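Enquirer: Below: one structure in C-alpha cells.
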C-alpha cells in the first residue's frame, strides 16, 4: 500500500514541476495552457479516484469484505495509479517536445532543452 502512496506522491510532484515550467513557457498560448490544465486536472482526478479505492480497503476491515475483494481493490488501485502516472509522464513529454519544436533559434532550443531536461 505504501508503494501506491509513493506513486501518487510522484505523480503530484511531476505534475507540479511540469505545470510550473509550462506556465512560464512562452511557446504556448493561454488557450493551450487552459487545455493543458484541463487534461492535467483530469489525470489528477482519476488518480484520486484510485486512492478512494484504497480507502474502501481500509474501511472494509470495519465492514464485510472478503480478502479476495480487498486484493482486487488494491490491484485495481495500483494499476490505476500506474496508468495515471504513465499518462502524466507521456503528456509532459509531449508538451515539452511541442515547446522544443516551436523554438525559433538554436539558442532558444538549447534553453528549452535545458529547462525541460531534454538533453
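The values are calculated or read from the model by the stated rules, or taken from the named source; none is laboratory data. Worth saying up front: this structure is predicted, and the values here are computed from it rather than measured. Quick reminder, even Gly has a Cβ in these numbers, built from the backbone with ideal geometry, and neighbours come from all protein chains shown.
Enquirer: Could you please give the count of residues in segment 28-39 that are surrounded by 11 or more Cβ atoms within 10 Å (Cβ to Cβ) and not in a helix (DSSP H, G or I)?
Expert: The total comes to 1.
Enquirer: Let me ask something additional. I'm trying to understand the selection: among the residues of segment 90-106, which are modelled with pLDDT under 90 and loosely packed, with under 11 Cβ neighbours inside 10 Å?
Expert: Once the filter is applied, which keeps residues that are modelled with pLDDT under 90 and loosely packed, with under 11 Cβ neighbours inside 10 Å, segment 90-106 yields 101, 104, 105, 106.
Enquirer: Of the residues 2, 29, which is over 25 Å from residue 101 (Cα atoms) and either touching a residue at least 24 places away in the same chain (Cβ under 8 Å) or out of contact with any helix residue (DSSP H, G or I) (no Cβ under 6 Å at 6 or more places or on another chain) (or both)?
Expert: Sole residue among the options that is over 25 Å from residue 101 (Cα atoms) and either touching a residue at least 24 places away in the same chain (Cβ under 8 Å) or out of contact with any helix residue (DSSP H, G or I) (no Cβ under 6 Å at 6 or more places or on another chain) (or both): 2.
Enquirer: Consider only pairs whose beta carbons are under 6 Å apart and that are at least six residues apart or on different chains; among these, list those whose first residue lies in segment 65-78 and is farther than 14 Å from residue 51 by Cα and whose second residue is at pLDDT below 90 and assigned to a helix (DSSP H, G or I).
Expert: none
Each row is one residue, and each column tells you yes or no for (1) in contact with a helix residue (DSSP H, G or I) (Cβ under 8 Å, 6 or more places away or on another chain); (2) surrounded by 12 or more Cβ atoms within 10 Å (Cβ to Cβ); (3) part of a helix (DSSP H, G or I); (4) at pLDDT below 90.
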{"position": "41", "(1), (2), (3), (4)": "no, no, yes, no"}
{"position": "56", "(1), (2), (3), (4)": "yes, yes, yes, yes"}
{"position": "63", "(1), (2), (3), (4)": "no, no, no, yes"}
{"position": "71", "(1), (2), (3), (4)": "no, no, yes, yes"}
{"position": "74", "(1), (2), (3), (4)": "yes, yes, yes, yes"}
{"position": "78", "(1), (2), (3), (4)": "yes, yes, yes, no"}
{"position": "84", "(1), (2), (3), (4)": "yes, yes, yes, no"}
{"position": "88", "(1), (2), (3), (4)": "yes, yes, yes, no"}
{"position": "108", "(1), (2), (3), (4)": "no, yes, yes, yes"}
